[in-house]
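Visitor: This is the structure, below, for whatever I ask next.
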Amino acid sequence: WVPEGEVREHHDLLLVGAADLIHHQSDAILRKRLLSLQHLLAEHDHDAFLLLCASSYIDQDEFSTFLQNVDLTTAFHGIPNATDHDEPFLSGSCMLFSRDLAEQLVNNADAVIAGGDYQYADDVTIARWIAENISHQQPHEIMDRLFAHPAQLPGPDNTFQSFPASFQDFTIPPTDRSPTEQHQPVDGCFHYHFATARPAEMRAFHHRMTKRETAEPVVAEQHLRFVLDLDTSAIERRPDYDIWVFAMFDQAGNELWRNDITDPDVLAFRSTTVHVDGVFPATPTSYLLWPRTPDGFSNRIVLPLEPSRTRASSH
């Protein structure tokens, strides 16, 4: 347990004293980012910081090459995006801050937090503060530049700069594209963004990325589609579940696939049927049910994947 507002460094991990669930603290992600930057600035002499999300894959060699051509003076670079109200921001999946800009964010952390009315949208909150206090650009000016054609028009300063050529978006569902065939390393790209609900795709990509450097064979993937009758006998009957974490594992306990359950009929115990449709790098042998209520998560329940509870899917 880490006290509120403190940071503990354990090997290459930072444990941050903030809530883990946005249900408990709506700006928890923003606070974790700012506290992490504060710790790194105090304990390390890094020139820049790349803030990512849990489903980001970074090619460190390509990233080092990219940094050689970047001006790290008041730098705020990333993947451009915009809110429904046309407020520009850089995606929280990959934000690059120079050291001096990170220092300004940390020194004004209270103001940054206070200026965020998007709650869990930490990237929007950070971008708003930078636009208003560092860039001094109007939102429409930033929008015009970030989304111009041709792209990457130079701005008046080093903030809100995009690097789309260094980013690959693999979050698109496999029903729209084949992850097995199209998730491939790209020369000049350092950031690959995957869907958190499909961790097997990132694991398979890692094997492709390292195939030329190791003798480890690429995992043979298989697309599985079936209907599972969940065993919910060990779950407490209560009416206020909002989600059940649902994941599948191989014989060694490695997570292969995840697709959390929000179907109200399942959460209310009116149904026990879920559809499994995904790419698996190994054969699943067990599954996890981990219900959540407004009070937090209950006990994790890991169950064997019994053939008698599966049937072919008609989808």
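Visitor: So for the chain, averaging the separation of alpha carbon pairs under 8 Å that are six or more residues apart and normalising by length, what relative contact order in percent results?
Guide: Working: 539 pairs, mean separation 43.2, N = 315.
Once divided by the residue count of the chain, the mean separation gives 14 percent.
Visitor: When the chain is treated as a GNM, springs tying every alpha-carbon pair under 10 Å, which of Ser26, Ser98, Ser64 comes out with the largest mean-square fluctuation?
Guide: Judging by the Gaussian network model, the answer is Ser64.
Visitor: Normalised by the residues of the stretch 1-132, what does the relative contact order come to in percent, with Cα pairs under 8 Å and at least six apart? Provide the component values of the computation, followed by the final result.
Guide: Details: 180 pairs, mean separation 32.0, N = 132.
Across the stretch 1-132, relative contact order equals 24 percent.
Visitor: What value, in deg cm²/dmol to 500, does the helix sum -39500 (n - 2.57) over DSSP H runs of n ≥ 4 give at 222 nm once divided by the residues of the chain?
Guide: Numbers: 9 runs with 76 residues, N = 315.
One gets -6500 deg cm²/dmol as the mean residue ellipticity at 222 nm.
Visitor: Given that just one value was derived from the coordinates, which of [x] 0.97; [y] 1.17; [z] 1.11 is Cα Rg over 2.2 N^0.38 Å?
Guide: The value computed from this structure is option [z].
Visitor: Another question about this same structure. Using a Gaussian network model of the chain with C-alpha springs under 10 Å, which one of Ser298, Ser233, Ser162 is most mobile by mean-square fluctuation?
Guide: In this elastic network of the chain, the residue with the biggest mean-square fluctuation among Ser298, Ser233, Ser162 is Ser233.
Visitor: Top mean-square fluctuation among Asp84, Asp110, Asp61, Gaussian network model of the chain, C-alpha springs under 10 Å?
Guide: So, out of Asp84, Asp110, Asp61, the one fluctuating most is Asp84.
Visitor: Lys/Arg Cβ at +1, Asp/Glu Cβ at -1, dipole of the chain taken about the Cα centre: which of Ile134, Leu289, Pro80 is farthest positive-ward?
Guide: Checking the options against the dipole of the chain, the answer is Leu289.
None of the figures in this text is laboratory data; all of them are computed from the coordinates on show. All values derive from a computational prediction rather than experimental measurement. All Cβ positions, glycine included, derive from the backbone under ideal geometry; neighbour counts span all protein chains shown.
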